[in-house]
1. Pull up the DSSP beta bridges for the protein assembly as shown and report the antiparallel fraction as a percent, rounded to 5.
2. What is the dipole size for the stretch B:292-420, taken about its Cα centre, with +1 at each Lys and Arg Cβ and -1 at each Asp and Glu Cβ, in debye to the nearest 20?
3. Let me make sure I get this right: for the stretch B:225-381, a, b and c are the square roots of the gyration tensor eigenvalues over alpha carbons, sorted descending. Under 1.5 in a/c it's rounded, otherwise prolate if a/b > b/c, else oblate. Which is it?
4. Give, rounded to the nearest 20 debye, the magnitude of the charge dipole that chain B has about its Cα centre when Lys and Arg contribute +1 at Cβ and Asp and Glu contribute -1 at Cβ.
5. Please report the net charge: other residues with Cβ closer than 14 Å to the Cβ of B:Cys222, K and R +1, D and E -1.
6. Once the other residues with Cβ under 14 Å from the Cβ of B:Leu193 are scored (Lys, Arg +1; Asp, Glu -1), what is the net sum?
7. Take every residue in peptide B:390-396, count the Cβ atoms of other chains within 10 Å of its Cβ, and give the average of those counts.
8. The stretch A:59-166: which GluC sites (Glu not before Pro) are DSSP loop and have at most 14 other beta-carbon atoms within 10 angstrom?
Amino acid sequence: MANVVFKVGDDVSTDIIYPGRFMATVLPTETPQYAFIDYPEFNARIKKNEFPKGSIIVAGKNFGCGSSREQAASCLKGPDFVVVARNFSRIFMQNAINLGLKMVICPTIEANEGDDLEITAEQVVNQTSGKSFPLIPMPKARQAIIDAGGLIPFTRKLVLEAQGRG
Amino acid sequence: MGMTMVEKILARASGQSAVKAGDVVEPKVDLAMSHENGALVINQFNEIYKDTGLEARVWDPSRIAIIFDHRVPAESSKTAGNQKKIRDFVARQGITKFHDIRGDGGGICHQILPEFGYVRPGKVVVGTDSHTTSHGALGAFSFGIGATEMAAVWALGKVLNVEVPGTIKVVCEGKFKRHVSPKDLILHLVGKLTAEGANFKVIEFHGPAIESMPTSGRLVICNMTVEAGATSGIVPPDAETLRYLKEEAGVTEVPELLGPDADAVYDQVITINVSKLQPQIACPHTVDNVKPIKAVLGVKINQIVIGSCTNGRLDDLAIAAKILKGKKVAKGTRMLIFPASTRIYLQALKKGYVAAFMEAGAVVMNSGCGPCLGVHQGALADGDVALATTNRNFKGRMGNPNAEVYLCSPAVAAASAITGVITDPRKRGE
């Protein structure tokens, strides 16, 4: 079970998650300091490491739309957030899978900041409201990459196999 | 069963006779493009080879393109460091399609790729930039990916586990009225589909209004398909594509024109009569918040911007120069113009557009992406309102979350620069 620490609406763009003005910063160890920086209170709490690993961000439809900047995924991976959204934008979803950021697609999710959620293989149970919401599995095509822990280890294995050393 | 354009291209690129939407394929990549975020791609690329004992070599240096455009010339020592790191990598790997910060041959990646003939019909193009959708204008399947995905492409020469997207067919009938342009068409379409309406899908454009549209206009509409969430936009290549490749991109060989089958299966078909379109405006703070211009006439504008990978091409500048020539930018309004490439800049100089802009009071900047996404020059103050021919108006996009951005065509931007408020170019008699 984990706590919802931040809630946002529909169509949250990567300009909100990680504004373009910080794009020269690329290292995943450095990007979390700029996550949601235009929401100063939430950003300050991220910088102070206030959130336990697995804390939940709840979002509406089309989370991560806009730019392909990978910092928008790496800045949330650093503090190990789980993003539960009604659905995700394509490039953000692929970036998150590639970096091992945990996402849950839950088209009917209803939750508020402070609620406790339990995420199972089939559903999200809001322990606070007592309601449960079915989730949609990640695209099958990408499951192998999720299982490998991200695209870097997955690709490394392929490169080694190509050399006959896998 | 017939195939859509993207199904045909992906079948060919993955060595299969046929594929359909939903199939999982691993297409070979013909061109892999990055800009300054190549610095992050390099980190991830090196990470793949870490502790393997193998030398990190890209699969094919002739198929990688790197264009500096987001922060040119460098605005900080950090960016300069990233650019230096990329320059060193390019030299070490033997990457030839490299466009450094130069007055000859520099510019915005989505103009450089078509302009230098790097994109061909029927090919697979990936880029670490969401507006890589642009290159569907030349009949390629071209889509944006993240830096880690690109690192895998550099290593393997293919994109792993791609789900063949379904296709929305958009048929554009009629003829554009005066001062109504491809930008108005795509803004209208994004408003109609909404920001997620084409998520994980391709938009294939058809109809007489597309057939009579120059490649520069096709680049505008494909560019902004991503604002409806689309994986890519695509236009079946035709005589205009051949003309562009030969006359403007200097491509000598004649490419094959790969089109969709007549009995291709589409998820949805939308028909738009462009004759009925009026100028469209995307209002703050989402690109799908689109209204006809009459709904926002008179909104006071602090900064007008013409340029970007969407509308910084020569015919965009020609429209703006015609409207601005002999006029003045309104007091209290600033105007920034940044051509999409240095070649376009030079052409605009020779045609007298740059003089017309400067004499009107506009600031003509070097080619680049900076102002569009608030990373380099042209930042807005709290409470400022901008009107731009760029592609996004999300909160914070132009560098300040307490500012507002409206999106429009070059004609609307130029007419509004003279009055200082959102103005319908059709009403000014230019």
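Just so you know, all these numbers are worked out from the coordinates, no wet-lab data involved. These numbers come from a predicted model, not from an experiment. Quick reminder, even Gly has a Cβ in these numbers, built from the backbone with ideal geometry, and neighbours come from all protein chains shown.
1. Once the DSSP bridges in the protein assembly as shown are tallied, antiparallel ones form about 25 percent.
2. Computed about the Cα centre, the dipole is about 300 debye.
3. Oblate is the answer for the stretch B:225-381, as a/c is 1.5 or above yet b/c matches or exceeds a/b.
4. For chain B, the charge dipole is close to 1500 debye.
5. With Lys, Arg at +1 and Asp, Glu at -1, the neighbours total 0.
6. So the environment of B:Leu193 carries a net charge of -2.
7. Mean partner-chain Cβ count within 10 Å for B:390-396: 5.
8. A:Glu110, A:Glu113, A:Glu122
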